[in-house]
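Here the structure is laid out as structure tokens; the discussion comes afterwards.
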Amino acid sequence: MRNNSLREIVRAFRKYDDYILSTHNNPDGDGIGAELALSFGLKKLGKKVVIANSDPYPENYEFLPSNGLVKDKDAIKASYNVAVSLECSGLDRIGKMKKVFLKSKKIINLDHHMSNEYFGDFNYIDSGAAAVGEQVYDILLGLGVKIDIDIATCIYTALVTDTGSFAYSNTSKRTHQIVVELMNAGVNPSEIYQNIYEVSSLGKMQLLGKALSSLRTDKKRGVAWITLKKDNFIKTGTAYGDSEGLINYARSIKGVNVAISFTEVEEGRVKISLRSKKDDFDVNKIALSFNGGGHRRASGAILEGSIEEVKEKVLNKIFDYIK
């Protein structure tokens with residue numbers, strides 16, 4: 001499959017009228033913001049749109065407008081003309097929605113990860129985009145959709161979360177130019193930041209405590225890692241999505257160049273997230289070696305095995321890479 005141009009993707013969205021949108025399992029701010037913004041834009045054009053994901057939104061994104069478009073995955077019975085994947089490097093990342101996608105007549109694949117598998121009938125992959133929300137913004141402009149406050153709020157959420165509040169190296173001049181336009185549409189950055197990062201449940205704070213108590217470092221090699229077991233989520237009453245961003249505590253330690261989080265998503269399956277501070281350490285290469293992927297400084301994968309087995313395997317790979 002080839003990569004399509006923005007013009008070709010815009011043409012495809014004009015052509016079809018019936019859509020289901022979905023982001024990756026355990027959705028994050030970029031996937032959520034992007035799918036909501038795109039759905040609002042398509043509705044403005046008179047399209048039929050529904051959103052359904054493998055997993056529910058984390059509670060800190062409940063402030064976002066949804067306009068009744070988000071449905072429970074178990075309520076999805078029909079097949080759709082077009083299924084749109086947002087921020088999924090492979091179709092397996094869509095989780096329990098994969099069957100619905102395979103029944104659809106066409107698949108549109110929107111992503112900004114260089115490791116994308118180009119699984120769609122239409123693929124718009126831009127590894128230079130800070131977030132899929134940035135790609136959606138360009139698509140909506142191409143469709144002639146007016147960016148209202150709801151769309152702007154969702155796109156800003158996508159941008160602020162996937163750029164680490166505009167601190168990561170994926171933040172570009174273009175990203176800031178889009179932010180200006182979103183603010184012109186009425187976005188309040190401080191209000192969105194407070195909703196995402198400053199409204200935490202007791203359980204989420206307890207999960208943070210467990211993550212920090214698991215923190216380990218190898219100062220000589222400049223590596224730090226945190227470990228979260230399935231039991232940690234059960235005891236704190238939290239969901240996997242509540243662990244979003246916890247890896248940054250490991251990454252922020254002085255002298256640490258590479259941070260890893262090991263999260264047991266279910267027995268025998270461990271999600272690894274990798275972050276680096278320097279361009280000379282390409283964590284995407286590590287992720288690719290475990291059939292994952294992402295970006296040079298932020299990547300991840302899911303591995304089979306116990307959490308201890310996965311930790312040993314991944315840490316050894318990283319230590320060998322450093323050597």
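Each value in this text was obtained by applying a stated rule to the coordinates, not by laboratory testing. Bear in mind the structure is a predicted one, so any value in this text is a computation, not a measurement. Here Cβ is always computed from backbone atoms with ideal geometry, including for glycine, and neighbour counts include all displayed protein chains.
Using 0.36 nm times the number of residues separating Lys278 and Ser172, minus their current alpha carbon distance, what extension gain do you get? Don't jump to the answer; show the numbers that get you there.
On the way: separation 106, 0.36 × 106 = 38.16 nm, distance 1.67 nm.
Fully extending the segment from Lys278 to Ser172 adds 36.5 nm.
Can you give me the three principal axis dimensions of the chain from its C-alpha atoms, in Å, biggest first?
57, 40, 39
I want the antiparallel fraction of DSSP beta bridges within the range 202-322, as a percent rounded to 5.
Details: 20 of 26 bridges.
DSSP beta bridges in the range 202-322 are roughly 75 percent antiparallel.
Can you give the charge dipole size of the chain about its Cα centre, rounded to the nearest 20 debye, using +1 on the beta carbon of Lys and Arg and -1 on the beta carbon of Asp and Glu? Mind showing how you got there, number by number?
Details: 45 positive and 40 negative charges, 120 e Å.
Once rounded to the nearest 20, the dipole reads 580 debye.
Quote the FRET efficiency, to the nearest 0.05, computed for Asp121 versus Asp17 with a Förster distance R0 of 22 Å and r equal to the Cβ-Cβ distance. Spell out each step's value before the answer.
Working: r = 16 Å, r/R0 = 0.73.
So the FRET efficiency works out to roughly 0.85.
Count charges around Leu69 for me, please; just the other residues with Cβ under 13 Å from its Cβ, Lys/Arg as +1, Asp/Glu as -1. Don't skip to the end; give the middle numbers.
Working: positive: Lys43, Lys44, Lys47, Lys48, Lys71; negative: Glu35, Asp72, Asp150.
Local net charge: +2.
Expressed in nm², what is the orientationally averaged projection area of the convex hull enclosing the Cα positions of the range 1-102?
Values: hull surface 26.2 nm².
For the range 1-102, the mean projected area of the Cα convex hull comes to 6.6 nm².
Could you please report the charge total around Arg14, scoring K, R as +1 and D, E as -1 over all other residues with beta-carbon less than 14 angstrom from its beta-carbon?
Working: positive: Arg7, Arg11, Lys15, Lys44, Lys47, Lys106; negative: Glu8, Asp17, Asp18.
Local net charge: +3.
Can you figure out the FRET efficiency of Glu62 with Ser165, using R₀ = 22 Å and their beta-carbon distance, to the nearest 0.05? Present the calculation step by step, with values, prior to reporting the outcome.
Numbers: r = 20 Å, r/R0 = 0.90.
Efficiency, from the Cβ-Cβ distance: 0.65.
Dipole of the range 126-250, Cα-centred, from +1 at each Lys and Arg C-beta and -1 at each Asp and Glu C-beta, to the nearest 20 debye?
On the way: 12 positive and 13 negative charges, 180 e Å.
That gives the range 126-250 a dipole magnitude of about 860 debye.
Only Cα pairs within less than 10 Å get springs; with that Gaussian network setup on the chain, which residue of Asp28, Asp231, Asp17 has the largest fluctuation?
Among Asp28, Asp231, Asp17, the largest mean-square fluctuation in the Gaussian network model of the chain belongs to Asp231.
Report ³J(HN,Hα) in whole Hz for each residue of the range 274-287, in order, from the Karplus equation J = 6.51 cos²θ - 1.76 cosθ + 1.60 where θ = phi - 60°; Gly and Pro get x.
10, 9, 10, 8, 10, 5, 6, 10, 8, 5, 4, 5, 5, 4
Could you work out the helix-only [θ] at 222 nm for the chain, with each DSSP H run of four or more residues adding -39,500 (n - 2.57) and the total divided by the number of residues, to the nearest 500 deg cm²/dmol? Please list the in-between numbers first.
Details: 12 runs with 125 residues, N = 323.
After summing the helix terms and dividing by the residues of the chain, the value is -11500 deg cm²/dmol.
Looking at the chain only, what percent of DSSP beta bridges run antiparallel? Nearest 5 please. Display every interim value, and only then the final one.
Numbers: 20 of 46 bridges.
The antiparallel proportion sits near 45 percent.
What distance in nm separates the two pseudo spin-label positions at Leu212 and Lys44, each 7 Å out from Cα along the beta-carbon direction?
4.2 nm
At q = 0.11, 0.17, 0.18 Å⁻¹, what log₁₀ I(q)/I(0) does a Debye calculation on the Cα points of the range 6-196 give, no solvent, two decimals?
-0.41, -1.07, -1.22
So for the range 202-322, considering every pair of alpha-carbon atoms, how many percent are separated by more than 19 Å? Intermediate values should be presented prior to the final figure.
Numbers: 3028 of 7260 pairs.
That fraction is 42 percent.
Which of the peptides 62-70, 126-134 is most tightly packed, and how do the rest follow, going by the mean number of other Cβ atoms within 10 Å of each residue?
On the way: 62-70: 14.6, 126-134: 23.2.
Going by the mean number of other Cβ atoms within 10 Å, highest first, we get 126-134, 62-70.
Which of Tyr240, His112, Phe13 sits farthest toward the positive end of the charge dipole of the chain, with +1 on the Cβ of Lys and Arg and -1 on the Cβ of Asp and Glu?
Checking the options against the dipole of the chain, the answer is His112.
With the chain treated as a Gaussian network of Cα nodes joined by springs under 10 Å, which of Lys47, Lys173, Lys71 yields the largest mean-square fluctuation?
Largest GNM mean-square fluctuation: Lys173.
Please list 3J(HN,Hα) in residue order for the range 60-69, calculated via the Karplus relation 6.51 cos²θ - 1.76 cosθ + 1.60 where θ = phi - 60°; whole Hz, with x for glycine and proline.
6, 9, 5, 6, 5, x, 10, 6, x, 8
For a test of the definition: using alpha carbon positions, the gyration tensor, and the 1.5 limit on a/c, classify the range 50-152 as rounded, prolate or oblate. Before the final figure, lay out the partial values.
On the way: a/c = 1.45, a/b = 1.05, b/c = 1.38.
Here the range 50-152 falls in the rounded category.
Which parts of the range 256-270 would a label at Glu308 reach, counting a residue when its backbone N lies under 18 Å from a point 7 Å out along Cα-to-Cβ?
Flagged as within label range: 262-270.
Measuring from label point to label point, each 7 Å out along Cα→Cβ, what is the Lys220 to Val265 span in nm?
That separation, rounded to one decimal, is 3.4 nm.
Pop out the ³J(HN,Hα) list for the range 291-305 in order, Karplus 6.51 cos²θ - 1.76 cosθ + 1.60 with θ = phi - 60°, rounded to Hz; leave Gly and Pro as x.
Rounded to whole hertz, the list is 6, x, x, x, 10, 4, 9, 8, 8, x, 6, 10, 10, 8, x.
Hey, can you list the DSSP H helices of the chain whose Cα span along the axis is 18 Å or longer and whose average Kyte-Doolittle score is at least 1.0? Please list the in-between numbers first.
Details: long enough: 29-44 (23 Å, 0.32); 149-162 (20 Å, 1.23); 307-322 (22 Å, -0.13).
In the chain, the long hydrophobic H runs are 149-162.
How many nm is it between the label spots at Ser5 and Asp148, if each spot is 7 Å from the Cα in line with the beta carbon?
About 3.2 nm separates the two model spin labels.
Placing unit charges on C-beta atoms (Lys and Arg positive, Asp and Glu negative, everything else neutral), compute the dipole magnitude of the range 54-160 about its Cα centre in debye, rounded to 20. Before the final figure, lay out each step's value.
Numbers: 11 positive and 15 negative charges, 130 e Å.
So the dipole magnitude of the range 54-160 works out to roughly 620 debye.
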